[in-house]
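Novice: One structure coming up, written as structure tokens, with questions to follow.
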Amino acid sequence: MNAAEVGTEVEVVVVGGGQAGLSAAYHLRRRGLAPGRDFVVLDHAPDPGGAWQFRWPTLTYGRVHGMHALPGMELTGADPARPSSEVIGAYFADYERAFELSVLRPVDVTAVREAGDGRLTVVSSVGEWTARALINATGTWDRPFWPHVQGRATFGGRQLHTAGYPGPDAFAGERVLVVGGGTSAVSHVLELDGVAAETTWVTRRPPVFRETFGENAGREAVALVEARVTQGLPPRSVVSVTGLPMSEAVRAGLASGVLRRRPMIERLTPGGAAWPDGTTVALDTVLWATGFRAAIDHLAPLRLREPGGGIRVEGTRAVRDPRVHLVGYGPSASTVGANRAGRAAVNEIIALLDAEATAPTRVPLSM
């Protein structure tokens, strides 16, 4: 990292170098803003690839669901048997080089606050920037959600979250409880079959598997998520609304009984788990595939949250502060959604910058 790049004034700061952040950076560059001079991209992760770089090795590229190419450059010729972390990490690195985006990493953004004169100060682990606008593209990977379950603190075995899942071999011969109703939970259960001694899968609600997702259903799902963020409520994932995709592996798992779902446990015990009816199971490990929450704590000084707990947005713009845009948040928390949100955020920011540039200068009245 070049020290000369730290502590400068720019037009826009992009926080996050994953799909949403790179999409925004691409569109900023297309609109004539120069990387490093007019805008800067700050990424918490050590390498290119966003959250994909942290995925477990057995999640190969051929098993990835819903990966959409970044704007302006397709991902072609990838080996489906290669780990997705390697394929997508290399693709993101190539993308950054191709468009000369000059992403700075690893940089931890700790706070965004008022700077005065209508600018924002972005405080980070390596210094501060001031900017006229901010694109927040921090995603969710850094905020795994651990639900409150009675007995979790006294369970004597191992507890992991999907964010730290190392692959199935680490569970060989163990009795494992997988908690969660999303695609990650399903993937874990299928992978652990034949490796773990016993796998128990629990969810709060019965999972819904869908053969196909029509265009209308997709739009309706996004609309439901968008309705929450426009009301200032914490966003739910699009997947939680659409249901789970059916595949040949899922179909086989359902037929064989591997994907036999049980209701949510009532509590953990020192040696296992218990249901309300008194049924128990002995466990060595609990794997929490319970999702993530938006990583937006650094925005707290701006007081953007609504009483409902979320940030109210219109499109990508924070209602309480038009200088702040959130991409990869709520309805845009998908690869294709992040691309569209990046473009939309840049369009609004360019309009904001242009309006400020043409605003008349106020002359103080003489005394």
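The values are calculated or read from the model by the stated rules, or taken from the named source; none is laboratory data. Treat the numbers as computed from the prediction; the structure is a model and nothing was measured. Backbone-built Cβ (ideal geometry, glycine too); neighbour counts: all protein chains shown.
Novice: Within segment 312-330, can you find the residues that are among the β-branched types (Val, Ile, Thr), crowded, with 21+ Cβ neighbours inside 10 Å and part of a loop (DSSP other than H, G, I, E, B)? Steps first, please.
Specialist: Going through segment 312-330, the residues among the β-branched types (Val, Ile, Thr) turn out to be 313, 316, 319, 324, 327.
Checking which are crowded, with 21+ Cβ neighbours inside 10 Å leaves us with 313, 316, 324, 327.
Selection gives Thr316, Val327.
Novice: Could you look through segment 103-142, keep only residues that are among the small types (Gly, Ala, Ser) and farther than 21 Å from Ala51 by Cβ, and pick out the one that is farthest from the chain's Cα centre (by Cα)?
Specialist: Gly116
Novice: Whether any residue in segment 189-198 is out of contact with any strand residue (DSSP E or B) (no Cβ under 6 Å at 6 or more places or on another chain), modelled with pLDDT under 90 and within 20 Å of Ala252 (Cα to Cα) is what I want to check.
Specialist: no
Novice: Let me ask something else. Looking at segment 38-140, what strands (runs of 3 or more DSSP E) fall wholly within it and have at least 2 residues that are over 18 Å from Ala24 (Cα atoms) and assigned by TED's automatic domain parsing to the domain that holds Glu348?
Specialist: Details: elements: 39-42, 109-116, 119-124, 127-131, 133-136.
Once the strands (runs of 3 or more DSSP E) in segment 38-140 are filtered for at least 2 residues that are over 18 Å from Ala24 (Cα atoms) and assigned by TED's automatic domain parsing to the domain that holds Glu348, what remains is 109-116, 119-124, 127-131.
Novice: Does at least one position in segment 51-59 carry a residue that is small (Gly, Ala, Ser) and surrounded by fewer than 21 Cβ atoms within 10 Å (Cβ to Cβ)?
Specialist: Scanning segment 51-59 turns up at least one residue that is small (Gly, Ala, Ser) and surrounded by fewer than 21 Cβ atoms within 10 Å (Cβ to Cβ).
Novice: For residues that are touching a residue at least 60 places away in the same chain (Cβ under 8 Å), among the charged types (D, E, K, R) and part of a helix (DSSP H, G or I), scanning just segment 141-192, find the one that is farthest from Thr269 (Cα to Cα).
Specialist: Applying the filter and picking the extreme gives Glu191.
Novice: Which residue out of Leu304, Leu299 is at negative phi, touching a residue at least 60 places away in the same chain (Cβ under 8 Å) and among the hydrophobic types (A, V, I, L, M, F, W, C)?
Specialist: Unique residue meeting the criteria: Leu299.
Novice: What do you reckon, is Leu33 modelled with pLDDT of 95 or more, part of a loop (DSSP other than H, G, I, E, B) and out of contact with any His (no Cβ under 8 Å at 6 or more places or on another chain)?
Specialist: Values: modelled with pLDDT of 95 or more: yes; part of a loop (DSSP other than H, G, I, E, B): yes; out of contact with any His (no Cβ under 8 Å at 6 or more places or on another chain): yes.
When the stated conditions are applied, Leu33 passes them.
Novice: Here are Ala282, Ala273: which of them is crowded, with 20+ Cβ neighbours inside 10 Å, among the small types (Gly, Ala, Ser) and not assigned by TED's automatic domain parsing to the domain that holds Gly18?
Specialist: Ala273
Novice: Does segment 308-326 contain any residue that is acidic (Asp, Glu), in contact (Cβ under 8 Å) with a residue 60 or more places away in the chain and more than 30 Å from Ala197 (Cα to Cα)?
Specialist: yes
Novice: Something else now. With the structure loaded, tell me whether Val13 is at pLDDT 95 or above and assigned by TED's automatic domain parsing to the domain that holds Gly118 or whether it fails that test.
Specialist: yes
Novice: A further question follows. Assess whether Phe92 counts as being in contact with a helix residue (DSSP H, G or I) (Cβ under 8 Å, 6 or more places away or on another chain) and surrounded by 20 or more Cβ atoms within 10 Å (Cβ to Cβ).
Specialist: In short, yes.
Novice: Something else: How many residues does segment 273-295 contain that are more than 33 Å from the chain's Cα centre (by Cα) and assigned to a loop (DSSP other than H, G, I, E, B)?
Specialist: 4
Novice: When the residues of segment 60-82 are narrowed to those that are in contact (Cβ under 8 Å) with a residue 40 or more places away in the chain and in contact with a strand residue (DSSP E or B) (Cβ under 9 Å, 6 or more places away or on another chain), which ends up surrounded by the most Cβ atoms within 10 Å (Cβ to Cβ)?
Specialist: Gly66
Novice: Could you please tell me which pairs satisfy a Cβ distance under 8 Å, a separation of 6+ or placement on different chains, a first residue in segment 245-256 that is more than 14 Å from Ser184 (Cβ to Cβ), and a second residue that is among the aromatic types (Phe, Trp, Tyr) and surrounded by 13 or more Cβ atoms within 10 Å (Cβ to Cβ)?
Specialist: Cβ pairs passing all conditions: Met246/Phe209; Leu254/Phe209.
Novice: Just to verify a result, which residue in segment 285-311, among those that are of a type in the set (D, E, K, R) and in contact with a Leu (Cβ under 9 Å, 6 or more places away or on another chain), is surrounded by the fewest Cβ atoms within 10 Å (Cβ to Cβ)?
Specialist: So the residue we want is Glu306.
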